[in-house]
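Take a look at the structure set out below.
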Amino acid sequence: MQLRAFFLETWAIIRVMNYCRLSNALKLIYSYLQSYLKQHVGLHGKPMAFSIEPTSSCNLKCPECPTGANLLKRPRGLMDIRHYRQLLQQLSPELFYLNLYVQGEPFMHPQFPEMVSLASQHNLYISTSTNGHFMSPEIANALVRGGLSRIIFSVDGTSQESYGLYRVGGNFNKVRQSIIDVVRAKARARSAYPIIVMQFLVFRHNERELPQIKKLARRLKVDKLEIKTAQLNDFGSMRPPLNARFSRYADSLGQQLKTKSNNRCWRQWHSATVTWDGRLAPCCYDKDAEYAFGNSHDNSLQEIWQGDKSILFKQQIFRDRSQITICRNCPEGKKLF
């Protein structure tokens, strides 16, 4: 299962690559390495990966999520489809990876299938993540026809009881049926895409279910199962698993990351995030767009991304990453790439 998914993902990326995108990626790698070695920011090229937020609203109340816990400070809303078109125009032709998800449940946007189809016209690798409560056979068919490359279903339990402890307000059977809908849509279209990923966040209450989730993944015929460590926040109620292998924290309370993060972040050179209302944020860890570099309604993405706020933010990462609040719970800096 996992090997097949690896080849499908590799091919999906290869088939959207061209000279322009490869050249841009090399520019980004060069400018990042040069900036790291000199400890002075130089930013060449355009983002090769991008996250766009269809909506900041969600139907669930997940306790470790600022949206679910109703602690998101910025407004809730839907991205205007006209602005979305403008963003795609600005990002191409250098962009090759588009993630249609930041905060919120993307399928709550009534034009989400259209957003996928519009992105597909730019020959992009298109990914999204969902809690699976707004899927239907019709939407599944539209996603397959529209060219979605990958879809992640959050399934953090093997029964309603365990699933509902974190996905508060969620229906386990509905999520299972949503996965079946996409599997069947792919079969009808004789398509290998979208790659269906079942994602399992490991907490203390569900770590004993790892053998069962593997069986469920095989039974539902998903392409890949991702066992993922959970991000814990000071406002949440979840506890990290006892098995240290499945926790990103060194302590039993989930307050200290296992590895010390270094003053670097490749993500800041290759990608960025746009909220539903146009704010260009450094990454998905900036839940409230507190460190936003500007608004794409007012300036072009390129002007904002290479603007003073963006450069100063990246310079602060080299100087002392620990002073940036959104970086304190992120393991990104432990690796050079």
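The values are calculated or read from the model by the stated rules, or taken from the named source; none is laboratory data. Predicted model, so just to flag it, every value in this text is computed and none were measured. A quick note on method: Cβ atoms are made from the backbone with ideal geometry, for glycine too, and the neighbour counts reach across all protein chains shown. Surface areas here come from the heavy atoms of the whole protein model, side chains and all, with no ligands, DNA or RNA. Shrake-Rupley method; radii C 1.70, N 1.55, O 1.52, S 1.80 Å.
Each of [x] 1.05; [y] 0.98; [z] 0.94 is a candidate for Rg/Rh (Cα atoms, Kirkwood Rh); the one calculated from this structure is [z].
Counting only protein heavy atoms and a 1.4 Å probe, segment 1-83 has 53 square angstrom of accessible area per residue.
Compared with the direct C-alpha span, the chain from M17 to I326 gains 108.1 nm at full extension, assuming 0.36 nm per residue. Based on protein heavy atoms only, segment 210-337 ends up with 51 Å² per residue of surface accessible to a 1.4 Å probe.
Rolling a 1.4 angstrom probe over the protein heavy atoms with all chains in place gives segment 93-146 an accessible area of 33 Å² per residue. For F107, neighbours were defined as the other residues whose beta-carbon sits under 14 Å from its Cβ, and their charges (Lys and Arg +1, Asp and Glu -1) total -4. Qualifying trypsin sites (Lys or Arg not before Pro) in segment 257-337, where qualification requires a DSSP coil assignment and no more than 12 other C-beta atoms within 10 Å, comprise K260, R328, K335. Ordering 298-306, 105-113, 150-158 by mean Cβ neighbour count within 10 Å, with the highest value first, yields 150-158, 105-113, 298-306.
Qualifying trypsin sites (Lys or Arg not before Pro) in segment 1-97, where qualification requires a DSSP coil assignment and no more than 13 other C-beta atoms within 10 Å, comprise R15, K73. For segment 194-261, which whole percent of the accessible surface, found with a 1.4 angstrom probe, sits on carbon and sulfur atoms? Accessible surface attributable to carbon and sulfur in segment 194-261 totals 47 percent.
The gain in end-to-end length when the F6 to D234 segment is fully stretched comes to 78.6 nm, 0.36 nm per residue minus the alpha carbon separation.
Among the listed pairs K73/K228; K228/K314; K174/K287; K61/K221; K73/K186, a Cα-Cα separation exceeding 30 Å is found for K73/K186. Cysteines in the chain that lack a partner Cβ within the 4.7 Å cut-off: C20, C58, C265, C283, C284, C327, C330.
For segment 52-154, the carbon plus sulfur part of the accessible surface works out to 50%, probe radius 1.4 Å. Ordering 88-97, 127-136, 188-197 by mean Cβ neighbour count within 10 Å, with the highest value first, yields 127-136, 88-97, 188-197.
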